[in-house]
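Here is the structure we will look at, set down as structure tokens.
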Amino acid sequence: PLDMRMDTTRGESVADWLATATVDQITEVIRDYGEERFAFQIAKAIAARRQERGAISSTAELAQLVADTVKTREPGQNPATRTFQAFRIFINAELEELEQALEASLRVMRPGGRLVVISFHSLEDRIVKQFIARHSKEVVDRRVPFAQPKAMRLQSLERIKPSDAEVAANPRARSAIMRVAQRTEVPA
């Protein structure tokens, strides 16, 4: 089935959403969450397929539709990868969940504690990087004669990527990026 929910007892499945979503809504999700440059063409194909034969109900059906619509740019990569990523992120509100988890980390992390986050695509990594940067800058208040350090400071300015050996042992790790931040003494 074309579901993709992390909790199948809550929310709408991808199949249900695709059955009612407009071309513009589908385009926006694929473009924004999948970073797919052929988002509009894929959305039009989904809408046309829905009009001709009814709702798409299986992952195989959607994958074939996307493959017929666009050709992959990278050998060995399924052309539907970005589309599936987009729908999964959207249906599960994954980016919003990540932002909430990062904010919650400030409330539970003790001074000296470390935040370690592994992200698997650029949207997640951007959120993590911006969160750490936002909480790593000094606070400059003109009413206070000195700058106050923020609750987090960068542990590593470089992102840590898997080694060739790790990728060989675990191909899914190829896109992983790990970022580390350490809590300072300042309360959040």
Taking the alpha carbon gyration tensor of the chain, what are the square roots of 5 times its eigenvalues, largest first, to the nearest whole Å? 39, 19, 15
Roughly how tilted is helix 59-69, in degrees to the nearest 10 and between 0 and 90, from the longest Cα axis of the chain? 80
Pulled fully out, how much extra length does the chain show between A104 and T8, if you take 0.36 nm times their separation in residues and subtract their Cα-Cα distance? 32.1 nm
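Report relative contact order for segment 14-92 in percent, whole number only (criteria: Cα-Cα under 8 Å, sequence separation at least 6).
This gives 38 percent for segment 14-92.
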Within the chain, pairs of Lys residues whose Cα atoms are less than 29 angstrom apart, provided they are eight or more positions apart or on distinct chains, add up to 8
Taking 2.2 N^0.38 Å as the expected size of a compact globular protein, what ratio does the Cα radius of gyration of segment 14-92 give against it, to two decimals? 0.97
What nm value, rounded to one decimal, do you get for the distance between A173 and A93 when each label is placed 7 Å out toward the C-beta? 3.4
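Read the figures in this text as sums done on the coordinates, not as results from a lab. Just so we're clear, the structure is a prediction, and the values are computed from it rather than from any experiment. Don't worry about glycine lacking a Cβ; one is built from the backbone with ideal geometry, like all the others, and counts go over all protein chains shown.
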